[in-house]
Amino acid sequence: MAKFERRSWAEPFKIKTVEPLTMTSREQRERYIKEAGYNTFLLRSRDVYIDLLTDSGTNAMSDNQWAGMMLGDEAYAGSENFYHLEKMVQEYYGYKYLVPTHQGRGAENLISHILIKPGMYVPGNMYFTTTRLHQELAGGTFVDVIIDEAHDAENTHPFKGNVDLNKFESLIKKVGADKIAYITIGATVNMAGGQPISMENMKAVHELASKNKIKVVMDATRAMENAFFIKKREKGYEKKSIQDILKELCSYSDAATMSGKKDLLVNIGGFLALNDFEVFEEARNMVVVYEGLHTYGGLAGRDMEAMARGIEEACHLDHLQARIGQVEYVGNRLLELGIPIVKPIGGHAIFLDAKQFYPHLEQTKFPAQTLAAELYLDSGIRAMERGIVSAGRNKETGDHYYPKLELVRLTFPRRVYTQAHCDVTVESVYEVFQNREKVKGLKMIYEPKYLRFFQARFEPL
Ligand SMILES: *Cc1c(COP(=O)(O)O)cnc(C)c1O
């Protein structure tokens, strides 16, 4: 027997319940993707083998969370599970007040309505689709103030989620602090490839914002993963616990919107957390209109319980190491094979660089959309476009936004797939890469008005 070169690493859990997967043939997949208008969002999940569309709500809950589901206190008002969730949010994130919402965008809707008046600006470290749309629907204009490195897929800056303080300051000078509703800080930045913001930068943003009486609203959806990167990459944090890092990170913000469907290991749920009592009062009033009473916000008691328990589990170092380690494993294997991906490897996903993958396709031929379809055809793996289709149109000119990054996201649900699934994924990407020159791109034949990437339909050119 050959000696092992290194000690193996394995998932820090064992499997108690299994969900069988469907295996399909190439012929079947050709039919399914055509029926789906070459949009992976429109495929039926039963026709998908390895589902890397998103890590949103696709996590595997633990036995402890499932046990908590049985303790759901399904009262209309004042559910025990609400108080448990409130306590956990205070303890781990450090905010004073909690308004539960059905998911992240419910919280974005509330905060955008409360703090944005028509004509105001909302800077942010790159946009997120639903966040920006809520800001725009409230009459605000989003302004990207992320560092330039974030728009360069090749740049290996360790904190590509950082805010360019000069960009933020010039905006304040240009429009006036009173025209800035708040600054949104994504931690980590999903659209930049799951890239973290550093503690140092977060602190500096908070200082500059406070000096100008501008509120900082954190998109804390992936803040635990951000805390992990700070521990691994930022000087002075190596020995601190994830919990302490998370709390410090949040302390540099006034409020947070949260999608529990990511970090918090649940299938549904979210919240708005706040420190300012007046804003909380308004949110508590408004949540009744859009979500439900302020002690359930569109969630069942059992969902709040699962999320409360998820907060504790998500903060475990072993869990974060395995979760981010899995993504890193796939990324490193792809890099070894010479596949163009966004660097450094982010927290929740691998982003294939479709512009480099298909240099012969112009952006209007939707290279990333094409690549996602090709991957499905090859192996039944479902990925997501994050390029020109996701970017949408400029509401004034009606033209596409042309994002610098034209990416396909392979997103890893937490605790769902094994290393063998990861190997199959790597091999499939490699196969599609080998055949890249034969591909001709797509034409959009149906375009919805909002968040078009969800429902747009395409045809091969
Ligand atoms: C998913 C996500 C949201 C939106 O949350 P939903 O629960 O899908 O409504 C907001 N911000 C980030 C960074 C996200 O990843």
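In percent, how large is the relative contact order of the range 404-461, given Cα pairs closer than 8 Å and 6 or more residues apart?
This gives 24 percent for the range 404-461.
Give the Cα extents of the range 51-95 along the principal axes, in whole Å, largest first.
Per principal axis, max minus min of the Cα coordinates gives 37, 27, 20 Å.
In what sequence, highest mean first, do 317-325, 66-74, 407-415 appear when ranked by Cβ atoms within 10 angstrom?
Packing proxy ranking, top to bottom: 407-415, 317-325, 66-74.
Given contacts defined as C-alpha pairs under 8 Å and at least six residues apart, what's the relative contact order of the range 196-301, whole-number percent?
Averaging sequence separation for qualifying contacts and normalising by length gives 22 percent for the range 196-301.
Only Cα pairs under 8 Å and at least 6 apart count here; give the relative contact order of the range 63-314 as a rounded whole percent.
Once divided by the residue count of the range 63-314, the mean separation gives 32 percent.
What percent of all Cα-Cα pairs in the range 1-140 falls into each 5 Å bin, going from 0 up to the bin containing the maximum distance?
All Cα pairs considered, the percentages come to 2, 6, 9, 11, 12, 12, 15, 14, 9, 6, 2, 1, 0, 0, 0.
How big is the range 63-314 by the Kirkwood estimate over distinct Cα pairs, in Å?
Averaging 1/r across every pair of different Cα atoms and inverting gives 18.1 Å.
In the range 83-133, carbon and sulfur make up what percent of the accessible area (probe 1.4 Å)?
Carbon and sulfur atoms account for 54 percent of the accessible area of the range 83-133.
Over the chain, what number does the Rg to Rh ratio reach, with both radii from the alpha-carbon atoms and Rh per Kirkwood?
With Rg and the Kirkwood Rh in hand, the quotient comes to 0.95.
Among the chymotrypsin sites (Phe, Trp or Tyr not before Pro) within the range 414-461, which fall in a DSSP loop and have no more than 14 other Cβ atoms within 10 Å of their own Cβ?
When the chymotrypsin sites (Phe, Trp or Tyr not before Pro) of the range 414-461 are filtered for loop state and at most 14 Cβ neighbours within 10 Å, Tyr450 remain.
Just going by the charge dipole of the chain, with Lys and Arg at +1 and Asp and Glu at -1 on Cβ, which of Val424, Leu71, Val18 is farthest out on the positive end?
In the chain, that residue is Val424.
When the chain is fully extended, how far beyond the present Cα-Cα distance does Arg46 get from Lys213, taking 0.36 nm per residue of separation?
55.1 nm
If one computes the Cα centroid of the range 75-97 and of the range 220-268, what distance in Å separates the two points?
Between the Cα centres of the range 75-97 and the range 220-268 lies a distance of 18 Å.
Give, as a single signed number, the net charge of other residues whose beta carbon lies under 11 Å from the beta carbon of Tyr83, with Lys and Arg counted +1 and Asp and Glu -1.
-3
Which entries in the list Lys231/Lys262; Lys14/Lys231; Lys211/Lys395; Lys213/Lys449; Lys262/Lys404; Lys96/Lys211 go over 28 Å, if you measure between the two C-alpha atoms of each?
The answer is Lys211/Lys395; Lys213/Lys449.
Leaving out ligands and nucleic acids, and using a 1.4 Å probe, what accessible area per residue does the chain come to in Å²?
44 Å²
Obtain the nm distance between the two label points defined at Glu35 and Asn64 by a simple spin-label model: each point lies 7 Å from its Cα along the Cα-to-C-beta direction.
4.2 nm
Using the alpha-carbon centroid of each, what span in Å lies between the range 107-144 and the range 178-211?
14 Å
Name the trypsin sites (Lys or Arg not before Pro) in the range 68-145 that are in a loop by DSSP and that have at most 16 other C-beta atoms within 10 Å, would you?
Lys96
Once R0 is set to 45 Å, what does the formula 1/(1 + (r/R0)^6) return for the Cβ-Cβ distance between Asp148 and Ile15, expressed as a FRET efficiency to the nearest 0.05?
Calculated transfer efficiency: 0.55.
At a 1.4 Å probe radius, carbon and sulfur cover how many percent of the accessible area of the range 319-460?
Within the range 319-460, the accessible surface is 48 percent carbon and sulfur.
The values are calculated or read from the model by the stated rules, or taken from the named source; none is laboratory data. From a predicted model like this one, the values you see are computed outputs, not experimental measurements. So basically every Cβ, Gly included, is an ideal-geometry build from the backbone, and we count neighbours across all protein chains shown. Protein only, heavy atoms only, side chains kept; ligands, DNA and RNA dropped before computing areas. Shrake-Rupley method; radii C 1.70, N 1.55, O 1.52, S 1.80 Å.
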